[in-house]
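Accompanying notes for the structure given below.
The values are calculated or read from the model by the stated rules, or taken from the named source; none is laboratory data. Worth saying up front: this structure is predicted, and the values here are computed from it rather than measured. Don't worry about glycine lacking a Cβ; one is built from the backbone with ideal geometry, like all the others, and counts go over all protein chains shown. Protein only, heavy atoms only, side chains kept; ligands, DNA and RNA dropped before computing areas. Shrake-Rupley method; radii C 1.70, N 1.55, O 1.52, S 1.80 Å.
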Amino acid sequence: MKLPVLKIDGTESGKVVTLDERVFGVTPNDHAIYLDVVQYLANQRQGTAKTKDRSEVAYSTKKLGRQKGGGGARHGALKAGIFVGGGNIHGPKPRCYWHKLNKKVKSLARVSALSYKAAEKAITFVEPFAFEAPRTKDLLSVVAALKVAPRKVLFVLPENSDNIYLSSRNLPEVNVITVNEINTYAIMNANSLVIIDGVQDILSERVR
């Protein structure tokens, strides 16, 4: 597949990019995508949720009534979970949700996601550009000129650019990452990919 490289004003630069079939033309593996997305989202979790059980709540430990003959259930203290203000029963405890996924599965998931976007014609290549200073209006102009708004847009840069990144922080529908940060979730979560020319070569090197 061949795609033109555009300028930031939306006009064609005259250069054409030939997409590597190993990266943008594989048969997508949905299960690999699922596994990678689940792992990514799980690894974002802090795992700090915590509730107090009956041994931790601040209540008297005095027995409410005698053991037998009261005509009701036997209770040892107000700390029991069935009482208002009592301890939580089977509540969450701090834990780690992180888990590992094999590198080959992650690589397959990424190229599968990129192949989906290529098949949907949702990839746009742009000449390398930079901003002199962070300015949201400038990035909005680029998004409008490339005709990828108002959908979710993912910019993939070859290297970090603070001015471009800072220009995107007030735009909830625009996400900016580098090729080193690219992941299956970010690709699948976007409706359009705007790839800076040169990133495709880095991606091709990584699947060799």
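Numbers at a glance
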quantity	calculated
Percent antiparallel among DSSP beta bridges (both partners in the chain, rounded to 5)	20 percent
Long-range HN-HN contacts of Val176 with modeled amide H, under 5 Å	Phe155
Highest-fluctuation residue, Pro172, Pro28, Pro128 considered, GNM on the chain with Cα pairs under 10 Å	Pro172
GNM result for the chain, Cα springs below 10 Å: residue of Ala80, Ala190, Ala119 fluctuating most strongly	Ala80
Ranking by accessible area, most exposed first, for Leu166, Leu171 with a 1.4 Å probe	Leu166, Leu171
Taking all pairs of distinct alpha-carbon atoms in the chain, Kirkwood radius in angstrom	20.7 Å
Within the range 149-208: Cβ-based charge dipole about Cα centre, in debye rounded to nearest 20 (Lys, Arg +1; Asp, Glu -1)	240 debye
Estimated FRET transfer efficiency (Asp30, Glu181; beta-carbon r; R0 30 Å; 0.05)	0.85
For the range 35-45, 3J(HN,Hα) per residue [Karplus equation, 6.51 cos²θ - 1.76 cosθ + 1.60, θ = phi - 60°, Hz, x = Gly/Pro]	4, 5, 5, 4, 5, 4, 5, 5, 6, 7, 6
Residue among Ala149, Ser192, Tyr97 farthest towards the positive dipole end of the range 75-206, charges placed on Cβ	Tyr97
Helix-only [θ]222 nm of the chain, DSSP H runs n ≥ 4, -39500 (n - 2.57) each, per residue, nearest 500	-9000 deg cm²/dmol
Accessible area expressed per residue, the range 41-126, with surrounding protein chains retained (probe 1.4 Å, Å²)	72 Å²
Sites Lys62 and Cys96, calculated FRET efficiency, Cβ-Cβ separation with R0 30 Å, nearest 0.05	0.20
J(HN,Hα) series, the range 136-153, from Karplus relation 6.51 cos²θ - 1.76 cosθ + 1.60, nearest Hz, glycine and proline x	4, 4, 5, 5, 4, 5, 5, 4, 5, 5, 7, 6, 10, 8, x, 7, 5, 10
Unit charges on C-beta of K, R, D, E only; dipole of the chain, Debye	2060 debye
For the chain, built as a Gaussian network whose Cα springs stay under 10 Å, the top-fluctuating residue of Lys68, Lys121, Lys104	Lys68
Gain on full stretching of the segment that runs from Val105 to His75 - 0.36 nm per residue minus C-alpha separation	5.5 nm
Projected area, mean over directions - the range 1-72, Cα convex hull, nm²	13.2 nm²
The chain - percent of accessible surface contributed by carbon and sulfur, probe 1.4 Å	52 percent
